[in-house]
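One structure is given here, and the rest of the page talks about it.
Since every read-out is calculated from the coordinates, none of them should be taken as a lab result. All values reported here derive from a predicted model rather than from experimental measurement. Methodologically, a virtual Cβ is constructed for each residue, glycine included, from the backbone with ideal geometry; neighbour enumeration extends over all protein chains shown.
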Amino acid sequence: MELFLGIDIGTSAARGVITDLKGKILADHRVPHEFSMPHPGWAEQDADGVWWNDFLCLTRTLLKTPGIAPGDIKALGISTIAPCVLPVDDHGRPLRPGILYGIDSRAQEEIKLLEERIGVKEIFAMAGQNLSSQSCCPKILWIKNHEPEIYQKTARFLTASGYLVFKLTGRYTLDIYDAMAYSPLYDIRKQRWDPAYEGEVTEIARLPELLWSRDIAGELSPQAAEMTGLAAGTPVICGTADAAAEAVSAGLHQDGDMMMMYGSSNFFILKTPHLLPQDAFWASYFVSPESHILAGGMTSAGNLFKWLRETFPGRDFTQWEALSEGSSPGAEGLLLLPYFAGERTPINKPGARGALFGMTLRTKAGDVYRAFQEALGYGVRHNIEALAEAGVTAKRIFAVGGIAKSRQFLRIISDITGCPQLIPREKTGAAYGDAFLAALGTGFFPGLSSITEWVSYEDEIRPRAEYREFYDGGFKKFRALYQALEPLM
């Protein structure tokens with residue numbers, strides 16, 4: 001048999017699938033996990049305790065599926081939370097927990113320092129994007145400034161996917177899609193490291209080798225085969241970020257396609273006809289040389305509702321949604337700024353904070369939940385309108401992620417944005433995209449457009465015209481509320 005293994009390590013869970021060449025899922029397993037927040041604004045995960053442990057659990061469990069033998073797996077694809085920063089020593093051993101993506105905002109001072117030393121225009125000219133809480137180089141500089149003993153021992157700075165590829169093959173790699181987060185050490189037009197500013201951050205020698213996401217990084221070593229249960233010599237592709245793999249799994253392959261991922265945070269990828277650097281967003285190549293994207297996202301999405309349920313316990317997700325059905329558009333005058341952990345695009349303000357405005361003695365729990373839902377809708381609309389100002393428009397939006405299981409939520413998003421959303425039939429997500437990329441990288445498919453052989457759509461959520469004018473006004477108030485409060489943040 002010709003089977004393909006895809007494994008994704010996300011913020012709150014890891015998932016693995018085994019598919020055949022037609023995209024049929026033969027085995028599927030999920031492992032939940034947590035991330036730690038040891039200080040305000042920090043977000044970390046343990047490389048071995050979470051990433052590698054979950055990987056081993058998934059492979060061993062999946063290979064117990066009757067009728068599947070290790071030798072049937074023709075290639076392995078990996079995606080992980082990204083971008084993140086993991087320092088390892090000269091034996092590839094982690095020196096501290098991995099520092100996560102934009103939800104970790106510890107390096108605000110380092111961002112200011114790099115902008116002062118190098119210049120905002122110079123940074124943008126090199127990497128095609130500005131520094132933000134999503135950026136890796138300020139976090140590397142943070143380690144250098146605050147944990148010098150760890151920095152001195154660091155041989156490589158890896159991402160989560162890079163660490164797993166190293167554990168499997170012994171090779172230090174990073175995919176070109178993820179390299180966009182390494183401003184100002186990455187030259188986005190030449191797709192290579194540039195030493196011009198290494199004195200301000202770290203030596204290029206401490207960074208991994210750059211490959212395309214679908215490139216074969218190496219073969220599974222005998223030691224890794226023994227631990228995972230897979231066959232030694234199995235090709236392992238370089239892999240990519242969970243959002244990129246999720247976009248592939250949703251069917252993103254032509255210009256104007258947008259993947260809108262509603263997970264713990266919100267992340268979107270819009271495929272563009274050419275490289276289009278923008279101040280507010282992150283321009284990059286996609287998973288292969290001929291593809292380009294603009295990416296962005298909100299720091300908080302599903303974690304807002306997790307916070308609400310944990311802070312005010314006693315109701316599950318279904319009960320909260322039922323309560324919000326009793327509220328009306330506009331949440332009885334409530335407006336929420338969803339910046340509980342700062343904000344990424346399009347405002348790129350790590351210091352932004354959340355606020356709930358308009359409370360009265362008539363305010364009910366359902367109104368509060370409705371305000372949370374609408375806040376995400378307004379945040380998505382803010383991004384979509386900023387993209388339109390940059391000259392790019394989504395022709396198709398694919399809605400994926402945990403929150404996308406709620407039709408009520410998606411209806412609110414579409415009503416606020418005026419954009420229809422397609423819902424992929426297959427909900428496995430990034431791990432499914434990883435399996436396809438593994439098949440693509442080993443020559444079983446000619447190009448990214450072959451994903452159409454795997455993907456179909458079960459539903460389309462269309463905006464309701466009767467709410468357009470109302471939400472136009474709501475969006476203006478949403479923006480005005482932030483502008484009024486921003487000086488206090």
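By DSSP, what percent of the beta bridges with both residues in segment 3-243 are antiparallel, rounded to the nearest 5?
70
In sequence order, what are the phi-derived ³J(HN,Hα) couplings for segment 386-401 according to the Karplus relation 6.51 cos²θ - 1.76 cosθ + 1.60 with θ = phi - 60°, rounded to whole Hz, with x for glycine and proline?
In residue order, the calculated couplings are 5, 5, 4, 5, 7, x, 10, 10, 6, 8, 9, 10, 9, 8, 9, x Hz.
Can you tell me which aspartates and glutamates have their Cα less than 19 Å from the Cα of LYS153? Leave out same-chain residues fewer than eight positions away.
ASP46, ASP48, ASP89, ASP90, GLU198, GLU200, GLU203
Quick one: compute the contact order of segment 3-243, relative version, from alpha carbon pairs under 8 angstrom and 6+ residues apart, as a percent.
On the way: 529 pairs, mean separation 51.4, N = 241.
In percent, rounded to a whole number, it is 21.
Sort TRP454, TRP42, TRP51 by Cβ crowding within 10 Å, fewest neighbours at the top.
TRP42, TRP454, TRP51
Name the residues of segment 407-433 whose amide N is less than 15 Å from a point 7 angstrom out from the Cα of ARG315 along the C-beta direction?
409
Please report VAL201, VAL392 as a ranked list, fewest other C-beta atoms within 10 angstrom at the top and most at the bottom.
The order, fewest Cβ neighbours first, is VAL392, VAL201.
Please identify the GluC sites (Glu not before Pro) of segment 165-214 that satisfy two criteria: DSSP loop assignment and at most 13 other Cβ atoms within 10 Å. Which are they?
GLU203
List every residue whose amide H lies under 5 Å from the amide H of GLY218, counting only residues 5 or more places away in sequence or on a different chain, with H placed 1.01 Å from N in the peptide plane.
Amide H neighbours of GLY218: VAL236.
Using a cut-off of 14 Å between beta-carbons, work out the net charge of the residues near GLY256 (Lys and Arg +1, Asp and Glu -1, GLY256 not included).
It works out to a net charge of +1.
With respect to the cross-link table entries LYS24/LYS167; LYS306/LYS477; LYS24/LYS74; LYS112/LYS139, which display a Cα-Cα separation exceeding 22 Å? Kindly include the intermediate steps, with their values, before the conclusion.
On the way: LYS24/LYS167 28 Å; LYS306/LYS477 25 Å; LYS24/LYS74 15 Å; LYS112/LYS139 12 Å.
Going by Cα-Cα distance, LYS24/LYS167; LYS306/LYS477 fall outside the 22 Å limit.
Looking at the chain, send over the antiparallel percent of its DSSP beta bridges, to the nearest 5.
Of all bridge pairs located within the chain, approximately 70 percent are antiparallel.
Bin width 20 Å, origin at 0, all Cα-Cα pairs of the chain: what percent of pairs per bin?
Taking every Cα pair in the chain, the percentages come to 25, 58, 17, 0.
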